[in-house]
1. Taking the inverse of the average 1/r across all pairs of different Cα atoms in the chain, what Kirkwood radius in Å do you get?
2. Between Val16 and Ser77, what is 0.36 nm times their sequence separation minus the Cα-Cα distance? Round to one decimal in nm.
3. Could you give each residue of the range 104-116 its phi-based ³J(HN,Hα) in whole Hz, using Karplus coefficients 6.51, -1.76, 1.60 with θ = phi - 60°, and x for Gly or Pro?
4. If each of Lys5 and Glu120 carries a label point 7 Å out from its Cα toward its Cβ, how far apart are those two points in nm?
5. Count the lysine pairs in the range 4-129 whose Cα atoms lie under 19 Å apart, taking only pairs 8 or more positions apart in sequence or on different chains.
6. Would you calculate a helix-derived [θ] at 222 nm for the chain, using -39,500 (n - 2.57) for each DSSP H run of n ≥ 4 and dividing by the full residue count, to the nearest 500?
7. Ordering Leu115, Leu96 by accessible area with a probe of 1.4 Å, largest first, what comes out?
8. Sum up the charges of everything whose Cβ sits under 12 Å from the Cβ of Cys103, counting Lys and Arg as +1 and Asp and Glu as -1, but leave Cys103 out.
Amino acid sequence: MYTQKVMDHFTNPRNVGEIENASGVGTVGNAKCGDIMRIYLDIDDNGIINDVKFKTFGCGAAVATSSMATELVKGKSVNEALKVTNKAVMEALDGLPPVKVHCSLLAEEAIHAALWDYAEKKGIQIEGLEKPKSDIHEGEEQIEY
Ligand code: FES
């Protein structure tokens, strides 16, 4: 059912954790299943993503897609990271079962939410980035990790 790459990223997920004083943090919920994802970005003065970490209350497919997504955005510019879609992540994992496609949206949305948070903190606009719909702001909802 799952490809070898999905199983690899699920059993050995990359970039799990959090970043203190992150440049941007995005927390999103998946409307379909209620699972939650948080992404931390460390972005340098040149707009390059130096480090990225994630935490999730998601399923195995969410873990695998987030792990791959963090690998794909690490070292990229903010604009390049915006192009890392859930489709690109799924391709990099050699595919996901159709019922699990919605899980791959968590990472993409959380990255966008974290980029939005970064842009707001810096007082800048990132072209092509839309305000995240499902961003969960701390205080509005209690999230236990
Ligand atoms: Fe919720 Fe996969 S079932 S993220």
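1. Here the Kirkwood hydrodynamic radius works out to 14.9 Å.
2. 19.9 nm
3. Working through the residues one at a time gives 6, 6, 4, 5, 4, 5, 5, 5, 4, 5, 5, 5, 5 Hz.
4. About 3.3 nm separates the two model spin labels.
5. Taking the Cα cut-off of 19 Å, the pair count is 17.
6. On the way: 5 runs with 52 residues, N = 145.
Taking each H run of at least 4 residues, the total per residue is -10500 deg cm²/dmol.
7. Final ranking, largest accessible area leading: Leu96, Leu115.
8. Working: positive: Lys32, Lys100; negative: Asp35, Glu108, Glu109.
Surrounding charge for Cys103 is -1.
The values are calculated or read from the model by the stated rules, or taken from the named source; none is laboratory data. What you see is a predicted model, and the numbers here were worked out from it, not measured in a lab. We place every Cβ from the backbone using ideal geometry, glycine too, and count neighbours over all the protein chains shown. These area figures cover heavy atoms from the full protein model, side chains too; ligands, DNA and RNA do not enter into them. Shrake-Rupley method; radii C 1.70, N 1.55, O 1.52, S 1.80 Å.
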